[in-house]
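Chemist: Below is the structure I would like to discuss, written out as structure tokens.
The values are calculated or read from the model by the stated rules, or taken from the named source; none is laboratory data. Please read these numbers as outputs of a predicted model, since none were measured by experiment. Here Cβ is always computed from backbone atoms with ideal geometry, including for glycine, and neighbour counts include all displayed protein chains. We work out accessible area using only protein heavy atoms, side chains counted, and drop any ligands, DNA or RNA first. Shrake-Rupley method; radii C 1.70, N 1.55, O 1.52, S 1.80 Å.
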Amino acid sequence: MARRPEGPPPPPVVQRVRVRFAKRGRVRFLSHRDVARTFERALRRAEVPMAYSAGFSPHPRISWVGAAPTAAASEAEYVEFALATAVDPGWLRASLDAALPGGLDVVDAVVAGGGGLAERIDASRWRVRLPTVAEPALSAAVTALLGREEVEVERATKDGRRRFDVRSAVVSAVGRAENDTCAILELVARHTTPAVRPDDVLTALDVVAGLRPSAPPEPTRLEQGRLLDDGTLADPLAPDRNDAGRPVGCSSA
């Protein structure tokens, strides 16, 4: 006879809350696993009534969507929490934000409506700061990249080294100057498999134009969402706000 965990089954899920948070400053160097562990500790400190999985090792029911790579800052990371007790999303936002370390900042929280969150996200908008790169060199390299139908790069993955096309993921790219010795790459990229990251795009700029920054790039994800026909991204939490029929509040649970 199969073993069964002792005690009653965990309480059912009565509410799901979707959270947008930011990774800022030195926190950008945390791995996704470190971020996940930090959130679990903060949820306990904030006394958020999490729903737990069944089995011999119950764990809080947390769903992550499209985590930014290590060393990338972000203003638009998303996570969904399954709760055993309904709470006001404004209370959860404030309580969780207070329990998290500086640099992990909760930006928004909404009660989940219909449809999956991951289904609403298929692209990201990035801002990549490039110290030591002048704008004319960056703009020339971007023009060369956009003029190609395909640009392959190679990267180590968990399945070994893999070659993949970067160009097909790039929806738009433009270079502009921050000052005489620092340029900014503004980029919209589709989410692909494997994921095309800002460093892959920089590798592609090296392939097509020999652009090689002598200082580490500083990527920041500004948005995630569904790519619209005009090249902008739809807010993935907007349908949930519409379902709720009201803006997120700030009252206590």
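Chemist: How large are Rg and Dmax for the stretch 87-146 when calculated on the C-alpha trace, in angstrom?
Modeler: Using the Cα atoms of the stretch 87-146, the pair Rg, Dmax is 19.3, 52 Å.
Chemist: At 1.4 Å probe size, with every protein chain present, just tell me what the per residue accessible area of the stretch 1-85 comes to in Å².
Modeler: Computed with neighbouring chains in place, this is 58 Å² per residue.
Chemist: Turning to a different aspect of this structure: How much FRET efficiency would the formula 1/(1 + (r/R0)^6) give for residue 180 and residue 47, where r is the Cβ-Cβ distance and R0 is 51 Å, rounded to 0.05?
Modeler: 0.50
Chemist: Here is a further query. Using the charge dipole of the stretch 13-131 (Lys, Arg: +1 at Cβ; Asp, Glu: -1 at Cβ; taken about the Cα centre), state which of 32, 17, 65 has its Cα farthest towards the positive end.
Modeler: The listed residue farthest towards the positive side: 32.
Chemist: Could you work out the equivalent-ellipsoid semi-axes for the stretch 44-110, taking the square root of 5 times each eigenvalue of the Cα gyration tensor, largest first, in whole Å?
Modeler: 21, 17, 11
Chemist: For the chain, with only Lys/Arg (+1) and Asp/Glu (-1) charged at the beta-carbon, what is the dipole magnitude about the Cα centre, in debye rounded to 20?
Modeler: It works out to roughly 860 debye.
Chemist: Quick check on the chain: helices-only [θ] at 222 nm, where DSSP H runs of length 4 and up contribute -39,500 (n - 2.57) each and the sum goes over total residues. Nearest 500, please. Write down the numbers at each step before the final one.
Modeler: On the way: 5 runs with 56 residues, N = 253.
Taken over the chain, the calculation gives -6500 deg cm²/dmol.
Chemist: Continuing with this model, one more query. Over the stretch 1-112, what per residue volume does the convex hull of the Cα atoms give, in whole Å³? Could the numbers behind the result be given before it?
Modeler: Details: hull volume 12.3 nm³, N = 112.
It is 109 Å³ per residue.
Chemist: Follow-up question, since we're still on this one. Kindly give Rg over Rh for the stretch 141-246, based on alpha-carbon atoms, with the Kirkwood expression for the hydrodynamic radius.
Modeler: 1.04
Chemist: Quote the relative contact order of the chain in percent (integer), defining contacts as alpha-carbon pairs under 8 Å separated by 6+ residues.
Modeler: 24
Chemist: Gap in Å between the Cα centre of the stretch 42-68 and the Cα centre of the stretch 205-238?
Modeler: 30
Chemist: Return the carbon/sulfur percentage of the accessible area of the stretch 159-214, one whole number, probe 1.4 Å, all protein chains in place.
Modeler: 44
Chemist: So how many Å³ per residue does the convex hull of the Cα atoms of the chain work out to?
Modeler: In the chain, the Cα hull volume divided by residue count equals 162 Å³.
Chemist: To continue, here is another question. Taking the stretch 9-57 on its own, what percent of its Cα-Cα pair distances exceed 18 Å?
Modeler: Details: 542 of 1176 pairs.
Considering the stretch 9-57, 46 percent of its Cα-Cα pairs are separated by more than 18 Å.
Chemist: Treating the angle as unsigned and between 0 and 90°, give the value, to the nearest 10°, between the Cα long axis of helix 32-45 and the longest Cα principal axis of the chain.
Modeler: Compared with the principal axis, the helix lies near 30 degrees.
Chemist: Moving to a separate point now. What percent of all Cα-Cα pairs in the stretch 57-186 falls in each 5 Å bin, counting up from 0?
Modeler: Bins of 5 Å from zero give 2, 8, 12, 15, 16, 14, 11, 10, 8, 4, 1, 0 percent of pairs.
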